[in-house]
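Trainee: Just dropping this structure here.
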Amino acid sequence: LLEEETRKKNGVFYTPIEIVQYMCQESLINYLITEIGDEIPSEALKLFITNHSILESINIKGTELEIIAENAIELDQLLANVKVCDPAVGSGAFPMGMLSEIVGARNSLQPFLSNKQTIYDLKLHTIGQSLYGVDLDPSAIDIARLRFWLSLIVEEDIPIPLPNLEHKLMQGNSL
């Protein structure tokens, strides 16, 4: 939406969605590998994060994904407790990508958990507890907050107010 001269002056760049998705998945894979160690093979974690919908569509018995199902509680806790900060949030492409990846992964674990949560609950928790961002441009922060709210509103018939994001998405110089 910005003129080319303004974009160049402020260092504003559009990142294609495929690149954002790759960055988000790689970040989550590395986080899980670091937190879990040798408990779950890294290849199983990579497969889970890059294809989390696969848990819903195949018989996991005897596959590499069986270990994911066996460790669903621990994986869900790790994904629920992850903290992600984008130091140049812009309009929120990276946090929105992380929201999508975290919620998708946690949702695929739901059949293996006793405490079931809706997509709305997963999104609300992730927005309120896991995602942070900073940007110089106050309008970019407003757009990122709006994107969070819109991602929630599509999941509920009667939307509730967005949690206070004043300390989650902030205008400032991250350097």
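Trainee: With labels modelled as points extended 7 Å from the Cα through the Cβ direction, what inter-label distance (nm, one decimal) is found for SER139 paired with GLU26?
Mentor: The two pseudo-label positions are separated by 3.2 nm.
Trainee: Going by amide H atoms built from the backbone, whose H comes under 5 Å of the H on MET170, apart from near neighbours?
Mentor: GLY133, VAL134, ASP135
Trainee: Here's something else I'd like to know. Quick one: plug the Kirkwood hydrodynamic radius of region 134-175 (C-alpha pairs) into Stokes-Einstein at 20 °C, 1.002 mPa s, and report D in µm²/s.
Mentor: After rounding, the answer is 192 µm²/s.
Trainee: Separate question: With every protein chain in place, what's the accessible area of LEU47 (1.4 Å probe, Å², nearest 10)?
Mentor: Surface open to solvent at LEU47 totals about 50 Å².
Trainee: Write down the accessible area per residue of region 130-175 in Å², having rolled a 1.4 Å probe over the full set of protein chains.
Mentor: Each residue of region 130-175 exposes 63 Å² on average to a 1.4 Å probe.
Trainee: Return the FRET efficiency for the residue pair GLU70, ASN173: r is the Cβ-Cβ distance, R0 is 35 Å, and the value is rounded to the nearest 0.05.
Mentor: 0.20
Trainee: So, with a 1.4 angstrom probe, what is the percent of accessible area on region 78-175 that is carbon and sulfur?
Mentor: The value for region 78-175 is 59 percent carbon and sulfur by accessible area.
The values are calculated or read from the model by the stated rules, or taken from the named source; none is laboratory data. The model shown is predicted, which means the values in this text are computed figures rather than measured ones. With ideal geometry, Cβ positions are generated from the backbone for all residues, glycine too; neighbour counts draw on all protein chains shown. What goes into the accessible areas is simple: the full protein's heavy atoms, side chains included, and nothing from ligands, DNA or RNA. Shrake-Rupley method; radii C 1.70, N 1.55, O 1.52, S 1.80 Å.
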